[in-house]
Amino acid sequence: MSDHGSPPLLEVADGVATITLNRPRHLNRLEPADLQVLCEHVAAVDADARVRLLVLRARVRAHRPVFSAGFDLSAFEHHPQGPGGAVDAFARAADALAGARPLTLAVLNGSVYGGAVDCALACDFRLGIEGMEVRVPAAALGLHYYASGLQRAVATLGWPLARRLFLAAEALDTPALRAGGFLDACVPADALEDAVQRWCTQLLALAPLAVQSMKRTLADIALGRPQPDVWRAREQASHAGAEFAAGRQAALMRR
């Protein structure tokens, strides 16, 4: 595959959709066109009932593995709606990932910077490699990070780690990322593909409708969007659903 790169790629197989960032020469900087394609890919995945898991990953250069360097800063100068329009485009892409119907898994085979940090946080689970780092340089650049990204960071990581990441622009290493909940697992680079396969197998074995429903409720709770009537309706729908009936029968047979 050419190293010149392209907008993100989408592949669907065996219930798994894989979106791959594909600009390794430029450290997978995300251009406005890339963000639009990313949103389109997520919409296509949402519309495909066969997909039960969405994996976000990237092609990286072996000598300098960077999952993504974040937003292409030159777009701030050239976006038709100015810097605000550029930021809004990035927020829409991260929000699309956060709202994706299936479970989402970010495979971070390199360091993550800037806006790409929010794309990773927008996924339900994150696997990383030893030696990677995460840094958001907004405070050093004089930029107020967009609010939905800050909200997602506090909901996912908590205030203590979020302030180190955003207010101090601190580069967090893998022990800090693991301890702070940014990474669900961290493995040597040569063990990453085996770990991805294990996670995919585990997540695909779950009841998809129950998982997708609980995912929405957990997001509501984490982000402070109380709607108890909706939560109760989701709960009751699972009581009468075929998944729970099959799950009960399987559990009784094992017992």
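Remarks
- Restricting attention to segment 208-245, the residues that are closer than 23 Å to residue 157 by Cβ and in a helix (DSSP H, G or I) add up to 10.
- Checked against the criterion of being under 27 Å from residue 56 (Cα atoms), surrounded by fewer than 16 Cβ atoms within 10 Å (Cβ to Cβ) and touching a Leu at 6+ places or on another chain (Cβ under 9 Å), the candidates 241, 181, 224, 149 yield just one match: 181.
- Qualifying residue in segment 189-200 (condition: under 28 Å from residue 150 (Cβ atoms) and assigned by TED's automatic domain parsing to the domain that holds residue 151): yes
- Breaking point among (1) among the aromatic types (Phe, Trp, Tyr); (2) at pLDDT 95 or above; (3) outside any strand (DSSP E or B), for residue 90: (2)
- You will find that of 142, 115, the residue that is small (Gly, Ala, Ser) and at positive phi is 142 and no other.
- Matching entry among 143, 165 (being without any contact (Cβ under 8 Å) to a residue 60 or more places away in the chain, farther than 23 Å from residue 25 by Cβ and in a loop (DSSP other than H, G, I, E, B)): 143
- The set of residues from segment 213-255 being charged (D, E, K, R) and either within 30 Å of residue 149 (Cα to Cα) or in contact with an Asp or Glu (Cβ under 7 Å, 6 or more places away or on another chain) (or both) comprises 215, 216, 220, 225, 229, 232, 234, 235.
- Scope segment 93-129; condition assigned to a loop (DSSP other than H, G, I, E, B) and either β-branched (Val, Ile, Thr) or touching a strand residue (DSSP E or B) at 6+ places or on another chain (Cβ under 9 Å) (or both); matching residues: 100, 101, 102, 109, 110, 114, 122, 123, 124
- Yes/no for residue 248 being assigned to a helix (DSSP H, G or I), more than 27 Å from residue 120 (Cβ to Cβ) and not assigned by TED's automatic domain parsing to the domain that holds residue 59: yes
The values are calculated or read from the model by the stated rules, or taken from the named source; none is laboratory data. In this text the structure is predicted, and so the values were computed from the model without any measurement. A quick note on method: Cβ atoms are made from the backbone with ideal geometry, for glycine too, and the neighbour counts reach across all protein chains shown.
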